[in-house]
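To start, I am sharing the structure in question, which I have written as structure tokens.
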Amino acid sequence: MDENGMPVREGAQGSDAATFSNLNPNTSDADVLGGQGTAIVWGTDIHMDDTIAACKDFFQNFQKKYRMLKDGEIDDINNLPADHPGHTREYIEMMNTMLDLGVSQLNLDTKNLKAYPPTIKAWHQLQSFPAEIVPAIDEAIKHVMLEIAEQRMQDMRTAHQQQAARLDNGNRESSAPIMPSSDIDGTPTPRQTVEPLNDMPDLIEEVHARLYKARMFGLDHTINLRDLNPGDMDKLISIKGLVIRTTPIIPDMKEGK
């Protein structure tokens, strides 16, 4: 296991640049990068725990340099300057913004899944088994959002404690007695206090109460609406067209007794 909890092969050299030269999701390379779980979804080769772990690792550690390498914008990801934009963890930034705004939908470019070696197998499975992979991605989003909320709550508690300690030390170090101010009513100058921690929002509870969803885009191929066939059923596909009219979904049954 590497520092991110991802399985690696015997003798593999640790590197920031994970490699995946074979795009076939059924190879041993894909199995290693995708995890080694034993419980699979019936009728598929999907290991749900491994898929969730790989997607969670993707949201936490994906950097723009992987996509830039895939698109041919850079030749190597190991020798980039410290201030290079390729080091940006765009999904961590996106999720922090989601937490600030109370948003529960995340736009996920599937090309980024393909560009990140540990999720190349999930990228293949997403298109063939979206009913199984999409909920796993949604679950991974919630896990990461909870970790971000927990870290932010911890940072707020630490900042609150430090502020309270500074004010407490300042009040104790002041040897001068409390003197009436120059106001007309002669009210003594009050000591500085910190707002109670109970007034801070419970970000963890807010995350628990939301239902997070990934909105996919960026598939490699687009299908014309007239070219759809039965083989596209239960698959994740991309259709290009112009929407001229929409109607609400009418369920087959609203209430059963």
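The values are calculated or read from the model by the stated rules, or taken from the named source; none is laboratory data. Given the structure is predicted, the values throughout are model-derived calculations rather than measurements. All Cβ positions, even for glycine, are placed from backbone atoms using ideal geometry, and neighbour counts span all protein chains on display.
Of everything in the range 97-134, what is assigned to a helix (DSSP H, G or I), free of Cβ contacts under 8 Å to residues at least 60 places away in the same chain and surrounded by fewer than 17 Cβ atoms within 10 Å (Cβ to Cβ)? Give them in sequence order.
Once the filter is applied, which keeps residues that are assigned to a helix (DSSP H, G or I), free of Cβ contacts under 8 Å to residues at least 60 places away in the same chain and surrounded by fewer than 17 Cβ atoms within 10 Å (Cβ to Cβ), the range 97-134 yields Thr97, Asp100, Leu101.
Since Gln125 meets every condition but one in (1) at negative phi; (2) at pLDDT below 95; (3) within 16 Å of the chain's Cα centre (by Cα), which condition does it not meet?
Failing condition for Gln125: (3).
Kindly evaluate Met153 against the criterion of being out of contact with any Gly (no Cβ under 8 Å at 6 or more places or on another chain), in a strand (DSSP E or B) and modelled with pLDDT of 80 or more.
So Met153 fails the test.
May I pose another question? Among the numbered criteria (1) modelled with pLDDT under 90; (2) under 21 Å from Met95 (Cβ atoms), which single criterion is violated by Ala136?
(1)
Among Gly102, Gly86, which is at positive phi and at pLDDT below 95?
Only one candidate passes the filter, namely Gly102.
Right, here's the next one. Identify the residue in the range 77-96 that is free of Cβ contacts under 8 Å to residues at least 12 places away in the same chain and of a type outside the set (A, V, I, L, M) and, among all such residues, is surrounded by the fewest Cβ atoms within 10 Å (Cβ to Cβ).
The residue in question is Asp83.
Let me ask something additional. Can you work out which of the residues in the range 43-73 that are out of contact with any His (no Cβ under 7 Å at 6 or more places or on another chain), buried (at least 18 other Cβ atoms within 10 Å of the Cβ) and free of Cβ contacts under 8 Å to residues at least 40 places away in the same chain is farthest from Ala140 (Cα to Cα)?
Once the filter is applied, the top-ranked residue is Met68.
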